[in-house]
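Down below is the structure, laid out as structure tokens.
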Amino acid sequence: MAWASEFPTELLCRPVGLVVLTGLDITYNAVHKAIWDSFCNNRRADRVPLQFVVLQTDHEYPKCRTKRTSYEWYIPKGIVKTGWMKKHMELIPSVVVMFFDIDWDEPQWRERQMECSTKVQIVRNSLLGRSTRVAVVLIQKNTPLPPGEDVIAAERAASLCSACELSAKSLFVLPLADHLLGYTIRLENAFYELSQTYYHTEARRVKAHKEFLNKTTHQLLFVRHQFKIAFYNEQKQDTHTALKHYKQAYSYLLELRMHDTNLLEVKIIGGFINYKICRLSFQHNVPLDALTQFRKHIDFFKKKAGCQDLSFEHSAWMSKQFQVFGDLFDEAIKLGLTAIQIQHPGFYYHQAANHAVTRKQLCRSLCHLVSVATEPDPLESLWSLEYYGQRSWRQGHQSIEPPDAQREREGVVALQQLELKVDHSWVIIPLFSSAVAQFRKYKSPRMKRYLMVEMGEEYYHAADYPRALALLTRVTADYRQEHWWLLLTSVLITALKCAYLMASLQDYVTISLEVIGEHALCSREDKTRIQMNLIKAMSNELPEPEPGCSATCVEKAKQQWKSLQDPSVVSVEMQAITPFIECKASFTQDMFRADSPVLLTVCLRSTAQFPVQFSKMSVTLSNQVYNPLCVLTGTGSEVNSLYVVPGQSSRHTFSFLPQSEDVGKTLEIVSVSLELGSDDSRCAILHWTGGGSVSGGGFDLPPPINSPSLEDATPWEQVLLNTTTRINRREALIQVTVDHEAPCLVNEFFLIETCVENLEESTIKNAHFCVSLKTNVAMATEHTTHVSVETPEFEGSVVSRRDVELDPVEHGVKVERQVYVKALEAGDITVVISVTYDIDVEVKGQMITCTCQKVALVDLTVVDPFKIMTQLTSTQFAPIETLHTDEPFLLTSHVTCSCDWPVKISSSTLHLSPFVKAVDGKLTPQMDGVSLKNDDCASECFCLVAPPGVHATVPLGQYTVEWKRLSSDTSLPYVTTTLTLPAVKVEHVPLHVDLDMSAYATMREDFPLLTTSTTALHTHRSSNLLWMSATSSCSLDTRRVDTRCATTLFHLSLAMSPCRPCTWTCCGTLGPCRRSSPRCSQHTSLFRCLPHLYNSLSSSVAFHFHTTHSVSSGSFCNY
């Protein structure tokens, strides 16, 4: 029962020392009120654990009994008194602090000192016989001087301590300064030390009694004394010592002789001590010790039920043990302890709830209402017991047999009558709620659902039907999804009772639709009864009550059913449950033409016990225009009747013509609805989203093992869902042919001949000829390909789509159009040629206008017509990379045809930049009118020069070729292809020498060589004439002039035939300088001439060369 299972408040809270503050007038004195607030307000965790109370100076404390000096003839009456913990936590202080307003310079010091000592003596007299510490705090307005400096203060302090019989450590001064809280904290620390001393003394006093005890008659005192010592140490905040003594007390408790008369007392005290041990173990961060202790505690007491007529007390006690341990476990987790999925507080709350359920069951079986009351009442002193756990009619009795058997029976009956008054459901429900929260926290969904079901059943027993129904319906979705049909059936039966007792038509219809289905594992009689009740409810009749309902609740429910307002409309989402009626709606084809009717079928199948008549069926489509055409009422012919027979599937077909705006779109079945009942009374709308079929939380449900077989189960399983269909255009009866000469060349106007022939039986109208490009993800061809119709035109901006309107075309007439494609880049493109038109056709005797379209795809490969390569060379055709100012060079271009079709070049043009010019001032094209086949190459050469004063790197310009396909129409324009020439590096040379000579020479005759030197330093030009006599075959190679410190060196190299002597002569105007060749060998003779310092460039120098070898003119080069 409640009194035996409850834990006292003083046991559950943390024991702290009690300190009484006296002498403070907190009502009328503002200074005293501020002092009191500094003690009691803002008690943070870092402040000492003390409890402060304000009492009057003459307050009467509990009187101290005479201390026992011997236990020789003492027989204990119980273990722990009910008021002992509360007395030492709230009534008996460890320290009494006297506050007194006095300064050291008080003029009437003696009178005030005598007043203070009188008050202290009053406090001591009220605490006579107790070891409570007494302290005095002097409230002073003036700030005291440092110790040792104020001689008067020291003398008067000693005098006050002597008058009040206080030690110097028990006298304190509290100045009323700005830092009052700081002084208060220092006082608290001093009071805490005094409090610890008091509790240490009390624990030692109790411990000293052990030597007077014996285990024959004083077993209860061993437990009591260890419990008191542990409690004193807890108040002292020595939790390790307290835990040791609690364990010792528990060990002594288990050694007690237990029988029916004292078993309840032993269990209650054992529960108290176990709570303390587990709490301190969690506090010391040793949770395994707490778990071990609790298991040991439960294993020892779980079978000690005591009196069989009061066995519900044992279940209540067990439930409380699990509950408080779960609270301790949860509190430890909040403080940082880590729990796991298989060990958390939820398991203990669940066990507590199970024992509470057992308690309720035992109460129903053992307790019976008795109308005659017993006098005197055995439970008269039930709430004022002297010792915990004792019977109120025999307190203090420790014998094995009860003293009065009749009184014992009367007490048992009184306790049973008291238990009948307990509403057990509201004891069980909070425990289940705590367990559900824990299992949800540690992600155990199945356990959570199981507890929610039990919790819902308790709400049902407590007559809280809305909450019971809400909990039960929350778990049904998971049971459907996991196919727990037996569990689902049990939950639905309880939920149906709640719905009936609530008179909730919505819930009653929804649950009934599922219970009478094939997946509900209840008897055929129950299903028949529920189906009949469903029909009565929809016919505005009173349904029969569900079995097992309370008669009182049934009468209330009947009145609520009668008061329901009509008409009532109930909407049920069928795919959220597993109903008795199944639906499959599907289009007969994946695609319908615009000139053919759309066919939609709806199949129904019932698994109820007897046929069901529906009043209406409707199908909702994505286009609401068709919704009125997809409605069927149950009052038609036999074929279209909505009378559904169990075990047989019925098929209903809807047909309608598609709308023109739906052509090219997808038509979808949005929902299917069945109506049960009538609109004028009560109507249940059964709603399937999409095409139906899928139910029970979104999973296809297999038939249960023991369900009755259906006559056409296989055909039903073969009915496929097709909830979407596409409305395509009517098939176009025209022919589109194309002709072209692939491949397509870059930048040309590629011609595609298109012919459209009308094969329809009538004239087509509103015809449009459209040319576009198929979008390619890899290549954005719509930005690089231009299309045009009839006229090859391109104004610089790309147009990738052309739409041309055609005149009405009669039957058999052909229309030709020319399409021109201009691709600006090489690659693969797809040209889309489509013809769209309208035509009137007859469908089911109705003329409709259909839009048809014919599409032709032309795949083209775009290639470059030719490859253009340019090259820079010297005038001797040697490749060069760097140009020199005023030195002519050659630009050679090579055009190579790379396509399969011959290409005709109209002209080629070289557009020079301002930094380069032609040597002779004219650029004559050399490729005009040239035709090239595949791999043919045409070349042309231009002689250019870079004038002085140009930049280091300059562009050369552009090279343009105008061309077209040789086989193309002459009216097509030429295509211009432009190549940007590369930029080259130009070097500036300060001295340049040119050599001019005849094309040939005669053996043994002199021939002239004219050299012209130009310098950019003085902008001066000098010409020299050299004569050379050719007597033998040789080659002359002139080297470049090197200018160093205004000195000119001419390097002439003579290549001679082997073993031929050579002779050189040289003469100049600066003076005689005739020398023979300074060096002559079999292979090479080198002549060097240093005419003069290069400071008179206007002079002319004549050189005469004589050799016995012939000179090859082809070996001379310009400087």
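The values are calculated or read from the model by the stated rules, or taken from the named source; none is laboratory data. Bear in mind that the values here come from a model prediction, so they are computed numbers and not experimental data. Reconstructed Cβ throughout: ideal geometry from the backbone, glycine too, with neighbour counts over all protein chains shown. Heavy atoms of the whole protein, side chains included, go into the accessibility calculation; ligands, DNA and RNA do not. Shrake-Rupley method; radii C 1.70, N 1.55, O 1.52, S 1.80 Å.
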Checklist entry - Counting residues that are touching a Ser or Thr at 6+ places or on another chain (Cβ under 8 Å) and not aliphatic (A, V, I, L, M), which strands (runs of 3 or more DSSP E) fully inside the range 935-1012 reach at least 2? => result 937-945, 957-965, 975-980, 983-987, 991-997
Item to check | Meets criteria (closer than 22 Å to Ile35 by Cβ and at pLDDT below 90) for Asn142 | outcome: yes
Item to check | Among residues of the range 581-619, those that are surrounded by fewer than 20 Cβ atoms within 10 Å (Cβ to Cβ) and either under 30 Å from Glu842 (Cβ atoms) or free of Cβ contacts under 8 Å to residues at least 60 places away in the same chain (or both), counted | outcome: 14
Checklist entry - Of all the residues that make up the range 22-35, how many are surrounded by fewer than 18 Cβ atoms within 10 Å (Cβ to Cβ) and out of contact with any helix residue (DSSP H, G or I) (no Cβ under 7 Å at 6 or more places or on another chain)? => result 6
Checklist entry - Taking the range 138-188 as the region of interest, how many residues are small (Gly, Ala, Ser), over 14 Å from Asp103 (Cβ atoms), open to solvent by less than 80 Å² (accessible area, probe 1.4 Å) and not in a loop (DSSP other than H, G, I, E, B)? => result 6
Checklist entry - Hey, among the residues in the range 537-552 that are out of contact with any helix residue (DSSP H, G or I) (no Cβ under 9 Å at 6 or more places or on another chain) and either in contact (Cβ under 8 Å) with a residue 40 or more places away in the chain or of a type in the set (Gly, Ala, Ser) (or both), which one's farthest from Ser512 (Cα to Cα)? => result Ala551
Checklist entry - What pairs come up if the first residue lies in the range 304-318 and is more than 18 Å from Gln390 (Cβ to Cβ), the second is open to solvent by less than 10 Å² (accessible area, probe 1.4 Å) and in a helix (DSSP H, G or I), and their beta carbons are under 7 Å apart, counting only those six or more places apart or on different chains? => result Phe312/Cys363; Phe312/Glu419
Item to check | Positions within the range 245-287 being free of Cβ contacts under 8 Å to residues at least 12 places away in the same chain and closer than 30 Å to Ile340 by Cα, in sequence order | outcome: Val286
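A quick yes/no check of all residues on (1) touching a helix residue (DSSP H, G or I) at 6+ places or on another chain (Cβ under 8 Å); (2) surrounded by 19 or more Cβ atoms within 10 Å (Cβ to Cβ); (3) touching a residue at least 12 places away in the same chain (Cβ under 8 Å):
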position	(1), (2), (3)
Gly396	no, no, yes
Ala414	no, yes, yes
Val427	yes, yes, yes
Leu469	yes, yes, yes
Checklist entry - Take the residues of the range 870-904 that are closer than 30 Å to Cys744 by Cα and either of a type in the set (D, E, K, R) or in a loop (DSSP other than H, G, I, E, B) (or both): which is most open to solvent (accessible area, probe 1.4 Å)? => result Asp900
Item to check | Which listed residue, of Gly336, Gly326, Gly346, Gly389, is at positive phi and touching a residue at least 24 places away in the same chain (Cβ under 8 Å) | outcome: Gly389
Checklist outcome for this item: (1) among the basic types (Lys, Arg); (2) within 51 Å of the chain's Cα centre (by Cα); (3) open to solvent by 30 Å² or more (accessible area, probe 1.4 Å) all hold for Arg47 apart from (3)
Item to check | Residue that is closer than 24 Å to Asp260 by Cβ and open to solvent by 40 Å² or more (accessible area, probe 1.4 Å), where the choices are Lys320, Lys360, Lys302, Lys334 | outcome: Lys302
Next on the checklist: Looking at the range 167-190, I want the residues that are under 11 Å from Val136 (Cβ atoms) and have a partner that is open to solvent by 30 Å² or more (accessible area, probe 1.4 Å) and basic (Lys, Arg) with Cβ atoms under 8 Å, at least 6 apart or on another chain. Which pairs are those?
Outcome noted: Ser170/Arg133
Checklist entry - Of the residues that sit in the range 363-387 and are out of contact with any Asp or Glu (no Cβ under 9 Å at 6 or more places or on another chain) and not in a loop (DSSP other than H, G, I, E, B), which one is least open to solvent (accessible area, probe 1.4 Å)? => result Leu382
Next on the checklist: So if I check each of Ala938, Ala952, which one is surrounded by 13 or more Cβ atoms within 10 Å (Cβ to Cβ) and out of contact with any Gly (no Cβ under 6 Å at 6 or more places or on another chain)?
Outcome noted: Ala938
Item to check | Unmet criterion (only one of (1) modelled with pLDDT of 50 or more; (2) on the phi < 0 side of the Ramachandran plot) for Gly696 | outcome: (2)
Next on the checklist: For the range 456-503: of the residues being small (Gly, Ala, Ser) and assigned to a helix (DSSP H, G or I), which is nearest to Val554 (Cα to Cα)?
Outcome noted: Ala499
Checklist entry - Is there a residue in the range 849-865 that is under 30 Å from Leu657 (Cβ atoms) and surrounded by fewer than 16 Cβ atoms within 10 Å (Cβ to Cβ)? => result yes
Checklist outcome for this item: Out of (1) among the hydrophobic types (A, V, I, L, M, F, W, C); (2) assigned to a helix (DSSP H, G or I); (3) out of contact with any Cys (no Cβ under 6 Å at 6 or more places or on another chain), the one Ala290 does not meet is (3)
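Rundown of residues vs (1) in contact with a helix residue (DSSP H, G or I) (Cβ under 9 Å, 6 or more places away or on another chain); (2) of a type in the set (D, E, K, R); (3) under 25 Å from Val670 (Cα atoms); (4) not in a loop (DSSP other than H, G, I, E, B), yes/no style:
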| site | (1), (2), (3), (4) |
| --- | --- |
| Val554 | yes, no, no, yes |
| Trp561 | yes, no, no, yes |
| Val572 | yes, no, yes, yes |
| Ser586 | no, no, yes, yes |
| Phe592 | no, no, yes, yes |
| Asp595 | no, yes, yes, no |
| Val602 | no, no, yes, yes |
| Ala608 | yes, no, no, no |
| Met617 | no, no, yes, yes |
